[in-house]
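Every number here is computed from the coordinates shown, using simple stated rules; none is lab data. Since the model is a prediction, treat every value here as computed from it, not as a measurement. Reconstructed Cβ throughout: ideal geometry from the backbone, glycine too, with neighbour counts over all protein chains shown.
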Amino acid sequence: MARNVQENPDMELRTICDIDVSSLERVQQRYPNVKCTSDFQDILRDKKIEAVIVATPVSTHYDLAFSALKAGKHVLVEKPITDSVKSAVELLELSEKVKRVLMVDHTYIYSPAVQMLKNIVLSGELGTMLYYDSVRINLGLFQHDINVIWDLAPHDISIMHYLIGKTPSLVSAHGARFMNHDLEGMAYVHLTFDDGLVAHFHVNWLAPVKIRKTIIGGSKKMVVYNDVEPTEKIKVYDKGIDVTTEESIFKTLIQYRTGDIQIPHFENREALSVEIEHFADCVKNSKFPYTDGYTGLQVVRVLEAAQESIRKEGQPVSLD
């Protein structure tokens, strides 16, 4: 994050704050001309600092972002925006009150691959969207303050929300804990929408392989987004079924349709660099970010409902 800020021509990396002294010393060696401090108040008191990036544990997001907004700073906060719907709403309301940009670090939204997916969805070539299926698994780092849903699922929920622009009506989830760990290390989250669309997310810290794959099924075409693939990340399949009913025999006939595979080309820029560029543009020109506070709130609503569903052994939770 610091590197991208420093490399952006519209931004100046002025101060870095970290309560870990050893980390701060390493940062100071890398950025000798940047002020380093372990006191967050130094940032809040500095009138020359217009924007603050909060890259800390989730439990600290609310307090730091709230203080920065109160001090008149624009804020970019790591995902998820907060650890509860209540605190996310308060941040959103405060940002609107003080007229400052509140942006959430849903980095994948700014990747060229997801931007291409957005264009595909908007073009209508998929037809009616039927399902959204996502897998994000790896042999990852077990967190101590959040479970695997709060750690990994924000990526895919934010991508889905950006692509389809709809909020689910019901959320259900099942999770499992491993190695006497207090938090879920694997989970399945299922979303139901009023128009019949269903979405399913599989997240796991304890998998032998790294998979980052999303399949979107439409009535006309289907698309596979494989983020692990180095070059051909998106493939559009002209595959599906045609359903007809013959009244004379009272049967539903299903015909399978197989066509070409399209692999769209797009520029492969670093998503974080694009995101920082967008943040600077929003601050300079008073624009609303693609991943604003409202978007962050919608993601947290799903996460919180999924957590509640796990506590209720998979019982669906309404988002009405």
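Could you size up the charge dipole of segment 196-235 around its Cα centre, putting +1 on the beta carbon of Lys and Arg and -1 on that of Asp and Glu, and report it in debye to the nearest 20?
Working: 7 positive and 3 negative charges, 24 e Å.
Roughly 120 debye for segment 196-235.
Is the C-alpha gyration tensor of segment 1-122 telling us rounded, prolate or oblate? Criteria: a/c under 1.5 is rounded; beyond that, a/b larger than b/c is prolate, otherwise oblate.
oblate
What span do the alpha-carbon atoms of segment 168-320 cover on each of the three principal axes, reported in whole Å from largest to smallest?
The Cα atoms of segment 168-320 stretch 63, 44, 37 Å along their principal axes.
Over every pair of different alpha-carbon atoms in segment 131-224, take the mean of 1/r and invert it; report that Kirkwood radius in Å.
13.9 Å
Could you work out the relative contact order of the chain, using alpha carbon pairs under 8 angstrom and six or more residues apart, expressed as a whole percent?
Relative contact order for the chain comes out at 20 percent.
Relative contact order for segment 84-187: what percent, with Cα pairs under 8 Å and sequence separation of 6 or more?
That works out to 25 percent.
Measure nothing fancy, just the Cα-based angle from helix 21-30's long axis to the longest principal axis of the chain, in degrees from 0 to 90, nearest 10.
Its long axis makes an angle of about 90 degrees.
Kindly provide the pair-distance distribution of segment 61-187 built from C-alpha pairs, with 5 Å bins from 0 and whole-percent values in order of increasing distance.
Percent of pairs per bin, in order: 2, 9, 16, 17, 17, 17, 13, 7, 2, 0.
Calculate the dipole size of the chain relative to its Cα centre from +1 charges on Lys and Arg beta carbons and -1 charges on Asp and Glu beta carbons; express the result in debye to the nearest 20.
Magnitude of the dipole: close to 320 debye.
So, how do all the Cα-to-Cα distances of segment 31-76 break down into 5 Å bins, in percent, from 0 on up?
For segment 31-76, the binned pair fractions read 5, 21, 31, 27, 11, 4, 0 percent.
Taking the Cα centre of each part, how many Å lie between segment 265-320 and segment 163-188?
Between the Cα centre of segment 265-320 and that of segment 163-188, the gap is 16 Å.
If I stretch the segment between L122 and K48 completely, what's the gain in nm (0.36 nm per residue apart, minus their alpha carbon distance), one decimal?
Answer, rounded to one decimal: 22.5 nm.
How large is the helix-only mean residue ellipticity at 222 nm for the chain, computed as the sum of -39500 (n - 2.57) over DSSP H runs with n ≥ 4, divided by its residue count, in deg cm²/dmol to the nearest 500?
Estimated from H runs of four or more residues: -11000 deg cm²/dmol.
For L272 and E313, FRET efficiency with R0 = 51 Å and r from the beta-carbon atoms, rounded to 0.05?
Once the sixth-power term is evaluated, E becomes 0.85.
I need the shape label for segment 181-243. Rule: rounded when a/c is under 1.5, else prolate if a/b > b/c, else oblate, with a, b, c from the alpha carbon gyration tensor. Walk me through the intermediate numbers first.
On the way: a/c = 3.55, a/b = 1.36, b/c = 2.61.
Since a/c reaches 1.5 but b/c is at least a/b, the shape of segment 181-243 is classed as oblate.
Evaluate segment 1-64: find the radius of gyration of its Cα atoms, find its Kirkwood radius, and give the ratio Rg to Rh.
Across segment 1-64, the Cα-based Rg/Rh ratio is 0.94.
With the contact rule set at Cα under 8 Å and sequence spacing of 6 or more, what percent relative contact order holds for segment 1-133? Numbers along the way, then the final one.
On the way: 145 pairs, mean separation 20.1, N = 133.
It comes to 15 percent, rounded to a whole number.
What would the Debye equation give as log₁₀ I(q)/I(0) for the chain at q = 0.12 Å⁻¹, counting only Cα atoms as equal point scatterers?
-0.90
Mind pulling the angle between the C-alpha long axis of helix 271-285 and the longest principal axis of the chain? Nearest 10 degrees, somewhere in 0 to 90.
Helix 271-285 and the main axis of the chain meet at about 60 degrees.
Mind checking which of V209, G175, G185 is farthest towards the positive end of segment 138-291's charge dipole, using Cβ charges of +1 (Lys, Arg) and -1 (Asp, Glu) about the Cα centre?
Of V209, G175, G185, it is V209.
Say the dipole of segment 39-136 comes from +1 at the beta carbon of Lys and Arg and -1 at that of Asp and Glu; which of I53, L117, G127 then lies farthest toward its positive end?
Of the candidates, I53 comes out farthest on the positive side.
Where Lys and Arg each count +1 and Asp and Glu each count -1, what net charge lies around D145 among other residues with Cβ under 12 Å from its Cβ?
Working: positive: none; negative: D83, D151, D182.
Around D145, the charge tally is -3.
Under 23 Å Cα-Cα from K99, which lysines qualify once same-chain neighbours fewer than 8 residues away are excluded?
Hits, sequence-local ones excluded: K47, K48, K70, K73, K79, K86, K284, K287.
Classify segment 138-183 as rounded, prolate or oblate, taking a ≥ b ≥ c as the square roots of the eigenvalues of its Cα gyration tensor: rounded when a/c is under 1.5, otherwise prolate if a/b is larger than b/c and oblate if not. Spell out each step's value before the answer.
Working: a/c = 3.25, a/b = 1.95, b/c = 1.67.
Since a/c reaches 1.5 and a/b is larger than b/c, the shape of segment 138-183 is classed as prolate.
On a 0 to 90 degree scale, rounded to 10, what angle separates helix 85-98 from the longest Cα axis of the chain?
Between helix and principal axis, roughly 60 degrees.
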